[in-house]
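The values are calculated or read from the model by the stated rules, or taken from the named source; none is laboratory data. For clarity, every value in this text was computed on a predicted model and none was experimentally measured. Cβ: placed from backbone, ideal geometry, glycine included. Neighbour counts: every protein chain shown. Heads up: the accessible areas ignore ligands, DNA and RNA and are worked out on the full protein's heavy atoms, side chains in. Shrake-Rupley method; radii C 1.70, N 1.55, O 1.52, S 1.80 Å.
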There are 2 protein chains.
Amino acid sequence: MAPPNSSGVDNPMSEFPSAPTKLQVLRASNLLNSLTEDQISEVAGASHLAYVERGEIIWLTGNTVDFFGVVGLGFVKMTTTTAAGQDVTTELMGPGQVFGLLGAVDGSGCPQCARAVCNSWYLKVPKRIFMPIFQENVVLKEHLIRRTTNRLRNSHKLITRLSSAKVDQRLASILFMLADSYGVSDGNRLVIQVPLTRQDLSEMAGTTVETTIRVMSQWQKLGWVETQSKTIVILNEGALSALL
Amino acid sequence: MAPPNSSGVDNPMSEFPSAPTKLQVLRASNLLNSLTEDQISEVAGASHLAYVERGEIIWLTGNTVDFFGVVGLGFVKMTTTTAAGQDVTTELMGPGQVFGLLGAVDGSGCPQCARAVCNSWYLKVPKRIFMPIFQENVVLKEHLIRRTTNRLRNSHKLITRLSSAKVDQRLASILFMLADSYGVSDGNRLVIQVPLTRQDLSEMAGTTVETTIRVMSQWQKLGWVETQSKTIVILNEGALSALL
DNA sequence: CAAAGAATATGACGACCGTCATATTGGGGG
DNA sequence: CCCCCAATATGACGGTCGTCATATTCTTTG
C-alpha cells in the first residue's frame with residue numbers, strides 16, 4: 001500500500017483522507033496525552049503514520065507485532081473469527097483511541113484481529129520505545145487502569161444485550177452507543193459519523209447481515225433512521241428508545 | 001444475618017463453612033498479595049469478614065458502598081438485570097478474587113449487582129483505608145492492569161460465544177472455563193468444584209433455565225456429565241469438546 | 001418426620017431469526 | 001460511459017429455543 005500524501009495538507013485531487021500529524025494523533029489520545037512533552041516528542045519521533053484502506057487487516061489474531069496503534073482518522077474494529085467462520089466485533093476504536101497496548105503490556109501479543117472499518121490513518125508506536133516510558137510513568141498506568149475498566153464495563157453491557165435482547169433491541173442499542181461516542185446532533189437528526197455497512201453492524205450485534213438489513217430497512221421505511229454512504233442518521237430517537 | 005462461628009475452627013455441629021482468617025484471604029488474593037506485610041496487616045486490621053448465604057445480595061446495581069470485597073470461601077457472581085427482568089451473569093468470582101475494587105478506583109460505585117452463588121465468606125475491605133495504600137503502590141497498579149486486562153479478555157471470549165454459538169456449545173464452553181479455573185482431575189473425571197444450579201449456568205450462557213436443564217439432562221443421559229449437589233463432573237471431555 | 005419450597009425434568013407450541021436463494025441498487029475503477 | 005463487485009433488499013422455509021404448563025425429585029425448614 002503506497003503511502004498517500006502525508007504532508008498534513010488536504011489534497012482535493014486525492015481520494016485519500018488527509019493525514020493527521022503524529023503529534024496531533026498523540027495529543028488527541030486521552031490515554032497518551034498524559035505523557036510529558038518530551039515523552040510525546042520522543043514517541044512521535046520513533047513512530048510512523050500508516051494508512052489502511054477499508055477492510056484491510058492491520059494484524060491477525062495470534063500475530064506478533066512490534067508496535068501498538070493509535071487511531072488518527074477513521075475507525076478500526078477488533079474482531080474474532082469463530083470456528084464456523086463468522087466474524088464478531090468486540091470493540092470499535094475511533095480517533096484518538098489506542099489498540100494493542102494491552103498486548104504489549106502483558107506480553108500476550110494480538111489476541112484479536114485489528115481491521116480497518118474505512119480508509120484510516122493510524123500511528124504505529126514501537127513497543128521498544130514506548131514500554132520503558134510506560135514503566136516509568138505512574139500517571140499513565142492510572143489512566144490505563146481507567147481506560148481498561150471503561151472497556152470492561154462496555155463489554156459487560158454488550159454481554160447483557162447479547163444474552164437476552166432481541167435483534168432489533170440490540171441494533172437500536174448499538175446505534176445509541178455509536179451516537180454517544182460519535183454522534184452529532186443536527187436539529188432533530190442525530191448523525192452517527194461512522195461509515196458502517198450492514199455487515200459491520202451485524203458483527204457488533206451478534207446476528208447475520210440479512211437480519212440486520214431487514215431491521216434497518218424496516219426502520220428506514222418507518223422513517224426512524226436514514227443511511228447515507230458515510231453516516232447513519234437517527235431520525236426518531238423516541239421510537240428506537242421505546243424498543244429498549 | 002447473624003455471623004456464625006468465625007474462630008477459624010471447623011465446627012462439625014454447624015452447617016456453615018468454616019471461616020478463613022482475614023490474613024488467609026488477603027494472602028490468597030493474587031492481586032492483593034503484592035502488598036507489603038505491613039500493608040497487609042493494616043488492611044486486615046481494618047477489614048471485616050462477612051458471611052453470606054446462597055442467593056444473598058451483597059450489593060445491588062447502583063448502590064453506594066464503602067468497601068470492596070475479596071472472596072474467602074465460596075463464589076460471588078456479578079450480575080445485571082435486564083429491562084425484562086432476566087439476570088445475566090457477566091463474571092464469577094472465586095476464592096482469592098477481588099470484586100468491586102474498580103468501582104472504588106474510578107468512583108463509579110457498583111455498576112453491577114454482587115450476589116452469593118453459595119454460602120460464602122468474603123472480606124470487606126474499607127475503601128477509606130485501602131485507597132491511600134493503593135495510590136502509593138505502583139506494583140499493585142501494575143497487577144491491577146493485568147488483572148483487568150485478563151477480565152477484559154475473558155469478556156471478549158464470552159461475547160464471541162454469545163454472538164454465534166448454539167446453546168449447547170455455549171454451555172460446553174462454560175463448563176470448560178469453569179473446569180480451567182476450578183476443576184480437579186480425578187482419573188477420567190474432571191470435577192468442577194463450584195456448586196451451580198441450572199439457573200446459575202443459564203445466566204452465564206445467555207439462555208433460559210429450561211433450555212439449560214434440557215441440555216444438561218441430555219448430557220447426563222449420554223454419560224457426558226454428572227452432577228451432584230456441590231459439583232459438576234465432566235465425564236467425557238472429548239464429546240463436549242467436539243461440540244465446539 | 002412431614003411440609004414447603006426450590007430445583008430439575010419434560011411436553012407442546014409458536015416466534016424469532018438463520019440459511020439459502022434471487023433480485024436490485026450503489027459505488028468504484030477503467 | 002460501461003462493467004464489475006459489493007452492498008442492500010426481499011422471499012421462502014425450517015430449526016432453535018423461548019414460553020408456558022405440568023410433573024417429579026431434591027433440599028431445607030420446623
Which one, B:Gly100, B:Gly72, B:Gly45, has the greatest fluctuation when you compute a Gaussian network model over chain B with C-alpha springs under 10 angstrom?
B:Gly45
Could you tell me the total accessible area buried at the A-B interface, probe 1.4 Å, in square angstrom to the nearest hundred?
3200
Keeping all protein chains in place and using 1.4 angstrom, which order do B:Val98, A:Val167 fall into by accessible surface area, from largest down?
A:Val167, B:Val98
Could you please put B:Asp200, B:Asp186, B:Asp87, B:Asp180 in sequence from largest to smallest accessible area, using a 1.4 Å probe?
B:Asp180, B:Asp186, B:Asp87, B:Asp200
Largest first, how would A:Thr36, A:Thr231 line up by accessible area (1.4 Å probe)?
A:Thr36, A:Thr231
Which whole-number percent is the relative contact order of the stretch A:67-161 (Cα, under 8 Å, 6+ apart)?
33
Could you calculate, for the stretch A:165-243, the ratio of the Cα radius of gyration to the Kirkwood radius, expressed as Rg to Rh?
0.92
With a 10 Å cut-off between alpha carbons and a GNM built on chain A, which of A:Ser120, A:Ser163, A:Ser34 moves the most?
A:Ser163
Residues of the stretch A:88-110 with accessible area at least 30 Å² lower in the all-protein-chain context than alone (1.4 Å probe)?
A:Val88, A:Thr90, A:Leu102, A:Val105, A:Asp106
For label points placed 7 Å from Cα toward Cβ, what is the shortest-first list of nm distances from B:Gln86 to its copies?
1.6
Charge dipole of chain B about the Cα centre (unit charges at C-beta), most positive-ward option of B:Asn236, B:Ile159, B:Leu26
B:Ile159
Where the accessible area of the stretch A:94-134 is counted over protein heavy atoms with a 1.4 Å probe, how much of it, in %, is carbon and sulfur?
52
For the pair B:Arg214 and A:Ala242, what calculated FRET efficiency results from E = 1/(1 + (r/R0)^6), where r is the Cβ-Cβ distance and R0 = 41 Å, to the nearest 0.05?
0.75
Would you work out the relative contact order for chain B, in percent, from Cα pairs under 8 angstrom that are 6 or more residues apart?
17
If exposed trypsin sites (Lys or Arg not before Pro) are those in a DSSP loop with at most 15 other Cβ within 10 Å, what is the longest stretch of chain A that has none?
A:55-165
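Run the helix sum for chain B: -39,500 (n - 2.57) per DSSP H stretch of 4+ residues, divided by residue count, reported at 222 nm to the nearest 500 deg cm²/dmol. Please report the intermediate quantities before stating the final value.
Working: 9 runs with 104 residues, N = 244.
Counting only the DSSP helices, I get -13000 deg cm²/dmol.
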Could you give the semi-axes, largest first, of the ellipsoid that matches chain B, computed as the square roots of 5 times the alpha carbon gyration tensor eigenvalues and rounded to whole Å?
32, 21, 17
Chain B: most fluctuating residue of B:Met204, B:Met177, B:Met78 per GNM, C-alpha cutoff 10 Å
B:Met177
The percentage of Cα-Cα pairs in the stretch A:22-162 separated by more than 19 Å is 50
Which log10 I(q)/I(0) values, to two decimals, does the protein assembly as shown give at q = 0.06, 0.07, 0.10, 0.13 Å⁻¹ under the Debye formula with one point per Cα?
-0.31, -0.42, -0.86, -1.36
7 Å along Cα→Cβ for the label point: how many nanometres lie between A:Asp180 and each equivalent label in the other copies, listed shortest first?
2.7
Eligible lysines near B:Lys124 by straight Cα distance, threshold 17 Å, same-chain separation 8 or greater
B:Lys22, B:Lys77
For A:Lys141, go through the aspartates and glutamates and keep the ones whose alpha-carbon is under 16 Å away, minus same-chain ones fewer than eight residues off.
A:Asp106, B:Asp106, B:Glu136, B:Glu142
